[in-house]
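Peer 1: Before we start, here is the structure in question, set down as structure tokens.
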Amino acid sequence: MHAGQTVIACAIGAAGISNRKREGDHASPAGYFRLIDGFFKPLIGRRPRTALRFSPVNRTLGWCDDPNSGNYNRLVHLPITARHEDLWRDDGLYDLVIVLDYNIVPRRKGAGSAIFLHCARPGFAPTEGCIALRPEDLRKLLPRLARDAVLIVKR
């Protein structure tokens, strides 16, 4: 990943980068994505210094990844019966998370959901389709991001 002249190591989906992202294919989508807003886990500290809108996450927030739900690829309040990801995680991956403008407007059922920029697993293990950075790199990057920042993912 490049941020200006700075090169930052990142993890991508286990299936690489795809121009035809589908739900559950383990690929990161190719494209230009605005950074919509973010969430932070209050246990790790204060709201990050950034121009992006960041909200504290809690145990009642999730992200719907069920293509059969009207809430597909949307923030949801738990509990819900539709398949979803919990935004409160104990593994640290979502301690800092930025929602990418992928399949948000318009939404295409089954085209992929919950595509985030978030914290990487140790050793940069592949993601389910997100882009992941070391937590310390993500923290350093946040103050440099403008509201109109764009993440470019390409093969």
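The values are calculated or read from the model by the stated rules, or taken from the named source; none is laboratory data. Computed from a prediction, not measured in an experiment: that's the story for all the values here. We place every Cβ from the backbone using ideal geometry, glycine too, and count neighbours over all the protein chains shown. To get the accessible areas, we keep the full protein, side chains included, count just its heavy atoms, and leave off ligands, DNA and RNA. Shrake-Rupley method; radii C 1.70, N 1.55, O 1.52, S 1.80 Å.
Peer 1: Using only protein heavy atoms and a 1.4 Å probe, report how much of Ser18 is accessible, in Å² to the nearest 10.
Peer 2: Only protein atoms counted, so the area is about 20 Å².
Peer 1: For Ser28, what is the net charge nearby, where nearby means another residue's Cβ is under 13 Å from its Cβ and Lys, Arg count +1, Asp, Glu -1?
Peer 2: +3
Peer 1: Given (i) 11, 43, 38, 8, 0; (ii) 11, 41, 35, 11, 2, 0; (iii) 10, 31, 32, 20, 6, 1 as candidate values of P(r) over Cα pairs in 10 Å bins from 0, in percent, which corresponds to the one derived from the coordinates?
Peer 2: It is the value labelled (i).
Peer 1: What accessible surface, in Å², does a 1.4 Å probe find on His26, ignoring ligands, DNA and RNA and rounding to the nearest 10?
Peer 2: My reading of the accessible area for His26 is about 80 Å².
Peer 1: For Ser18, enumerate residues with amide H under 5 Å from its amide H, sequence gap 5+ or separate chain, H modeled in the peptide plane.
Peer 2: Result for Ser18 returns Ser28, Ala30.
Peer 1: Please list, in order along segment 120-132, the HN-Hα scalar couplings obtained from phi with the Karplus expression 6.51 cos²θ - 1.76 cosθ + 1.60 (θ = phi - 60°), rounded to whole Hz, x for Gly and Pro.
Peer 2: Listing the rounded values in order: 7, 6, x, x, 6, 4, x, 9, 7, x, 7, 10, 10 Hz.
Peer 1: So, one more: Which whole-number value in Å² is the accessible area per residue of the chain, probe 1.4 Å?
Peer 2: 54
Peer 1: Computing the accessible area with a 1.4 Å probe over protein heavy atoms, can you report the carbon and sulfur percentage for segment 1-154?
Peer 2: That fraction is 51 percent.
Peer 1: Is the shape of segment 75-155 best called rounded, prolate or oblate, per the rule: a/c under 1.5 gives rounded, else a/b larger than b/c gives prolate, else oblate, with a ≥ b ≥ c the square roots of the Cα gyration tensor eigenvalues?
Peer 2: oblate
Peer 1: Where Lys and Arg each count +1 and Asp and Glu each count -1, what net charge lies around Trp63 among other residues with Cβ under 12 Å from its Cβ?
Peer 2: Details: positive: Arg74, Arg83, Arg89; negative: Asp65, Asp66, Glu85, Asp86, Glu128.
Result for the neighbourhood of Trp63: -2.
Peer 1: If Glu136, Glu23 are ordered by their accessible area, calculated over protein heavy atoms with a 1.4 Å probe, which sequence runs from highest to lowest?
Peer 2: Largest accessible area first, the residues go Glu136, Glu23.
Peer 1: Name the shape class, rounded, prolate or oblate, that the alpha-carbon gyration tensor gives for segment 94-141, where a ≥ b ≥ c are the square roots of its eigenvalues, rounded holds for a/c under 1.5, and otherwise prolate holds if a/b is larger than b/c and oblate otherwise.
Peer 2: Numbers: a/c = 3.77, a/b = 1.87, b/c = 2.01.
Here segment 94-141 falls in the oblate category.
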